[in-house]
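Below is one structure, written out as structure tokens, with a few remarks after it.
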Amino acid sequence: MLVSQINDFLNYLSHEKRFSSATIQAYNTDLIQFKEYTINTFHTENIAHINSKQIRFWIAYLKENELTNSSISRKISTLKSFFKYIKQNNSDFTNPCKGLVSPKIKNRLPVFVDQTKFPDFNFDNDTDFEKIQEKFILEFLYQTGIRRSELINIKKTDIDLHQLFVSVIGKGKKMRNIPLTNQFKNQLIEFLKRKDNYWNTSDYLFTDRNGLPFKAIKIYHIIKEQLSSSTTLSKKSPHVIRHTFATHLLNNGADINVVKELLGHSSLAATQVYTHNTIDKLKKVYHQAHPRA
């Protein structure tokens, strides 16, 4: 009985466009594990016999097997979705997940590149424009702190070299202006000059040889390759550069409200996560410098 209801639920998910195949597979894995635990421990496949106490036993079993809180939370979420589906199709069914609370998940601190290890940008005498552009994409992300999606959509007309800022359309179609330094202005001018000489012209700032804007996955691979030569971080993505931008600004004395505006955050709470890294740096300096530490 439990098996057929799990299959019905998975078929329902497969017809819903909002669920990816990976998500459905995760649901399937969680529910199969729960089914096997229920059969082996309580010797029942009747969904009507499953109660909240049995589910709590299952959660305890997961903890004993050293699953992380995030993994346990995902499995609880799967069960909640499953039993909610059962309830919608059977009004007499008592949902055993009602009132069930997921374990707290610790907030992960943003991963960032150490300031001394971030690669310096220069054109050198490189004539391979593809390599130049890939290095400059890394530099552009670091200079502005913008998101990958924002980078892809930047056009040449979004850059004001006279007033020294770049206009970006962020989440919620909100526009913000990010200041540019004089040094970066000169680098931009040189980059645009080389691009016009080597590749097809385009309204977009960063493109392939045919003048088409990059796909998100291409930007990811570019950043991963660029960072591989300068850092041993396990995570190397465009968002790591955004974290690096914010952390370096705060570590060097920038006001958190200014960083919030530069990042395009709607609330200060989203920006405050970066202060943990700043506090860690302060603690390190304190313990190294204070005579009583």
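Hey, any hits in region 260-276 for a residue that's acidic (Asp, Glu), out of contact with any strand residue (DSSP E or B) (no Cβ under 8 Å at 6 or more places or on another chain) and either surrounded by 11 or more Cβ atoms within 10 Å (Cβ to Cβ) or over 18 Å from Val168 (Cα atoms) (or both)?
Looking through region 260-276, none of the residues is acidic (Asp, Glu), out of contact with any strand residue (DSSP E or B) (no Cβ under 8 Å at 6 or more places or on another chain) and either surrounded by 11 or more Cβ atoms within 10 Å (Cβ to Cβ) or over 18 Å from Val168 (Cα atoms) (or both).
Report yes if some residue within region 106-127 is free of Cβ contacts under 8 Å to residues at least 40 places away in the same chain and basic (Lys, Arg); otherwise report no.
Among the residues of region 106-127, at least one is free of Cβ contacts under 8 Å to residues at least 40 places away in the same chain and basic (Lys, Arg), which makes the answer yes.
Yes or no: Gly145 under 26 Å from Val273 (Cα atoms) and either surrounded by 15 or more Cβ atoms within 10 Å (Cβ to Cβ) or out of contact with any Gly (no Cβ under 9 Å at 6 or more places or on another chain) (or both)?
Considered against the rule, which asks whether it is under 26 Å from Val273 (Cα atoms) and either surrounded by 15 or more Cβ atoms within 10 Å (Cβ to Cβ) or out of contact with any Gly (no Cβ under 9 Å at 6 or more places or on another chain) (or both), Gly145 comes out as yes.
For region 213-220, indicate whether the set of residues that are exposed (fewer than 14 other Cβ atoms within 10 Å of the Cβ), within 18 Å of the chain's Cα centre (by Cα) and assigned to a helix (DSSP H, G or I) is non-empty.
Taking every residue of region 213-220 in turn, at least one turns out to be exposed (fewer than 14 other Cβ atoms within 10 Å of the Cβ), within 18 Å of the chain's Cα centre (by Cα) and assigned to a helix (DSSP H, G or I).
Residues checked against (1) in contact with a Pro (Cβ under 6 Å, 6 or more places away or on another chain); (2) crowded, with 16+ Cβ neighbours inside 10 Å; (3) assigned to a loop (DSSP other than H, G, I, E, B):
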{"residue": "Asn11", "(1), (2), (3)": "no, no, no"}
{"residue": "Arg18", "(1), (2), (3)": "no, no, yes"}
{"residue": "Thr41", "(1), (2), (3)": "no, no, no"}
{"residue": "Ile59", "(1), (2), (3)": "no, yes, no"}
{"residue": "Leu67", "(1), (2), (3)": "no, yes, yes"}
{"residue": "Lys75", "(1), (2), (3)": "no, yes, no"}
{"residue": "Phe83", "(1), (2), (3)": "no, yes, no"}
{"residue": "Phe93", "(1), (2), (3)": "no, no, yes"}
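Scan region 138-195 residue by residue and report those that are in a helix (DSSP H, G or I), touching a strand residue (DSSP E or B) at 6+ places or on another chain (Cβ under 8 Å) and aliphatic (A, V, I, L, M).
Once the filter is applied, which keeps residues that are in a helix (DSSP H, G or I), touching a strand residue (DSSP E or B) at 6+ places or on another chain (Cβ under 8 Å) and aliphatic (A, V, I, L, M), region 138-195 yields Ile152, Leu188.
Looking at the structure I just gave you, is Thr232 in contact with a helix residue (DSSP H, G or I) (Cβ under 9 Å, 6 or more places away or on another chain), at pLDDT below 95 and over 26 Å from Ala270 (Cβ atoms)?
no
Look at region 1-25 and say how many of its residues are of a type in the set (Gly, Ala, Ser) and in contact with a helix residue (DSSP H, G or I) (Cβ under 7 Å, 6 or more places away or on another chain).
Going through region 1-25 one residue at a time, the tally reaches 1.
Among the candidates Lys53, Lys117, which residue alone is loosely packed, with under 13 Cβ neighbours inside 10 Å and outside any loop (DSSP other than H, G, I, E, B)?
Lys53
The values are calculated or read from the model by the stated rules, or taken from the named source; none is laboratory data. As the structure is a prediction and not an experimental result, all values here were calculated from the model. Ideal geometry is used to build each Cβ from the backbone, glycine not excepted, and the neighbour counts take in all protein chains shown.
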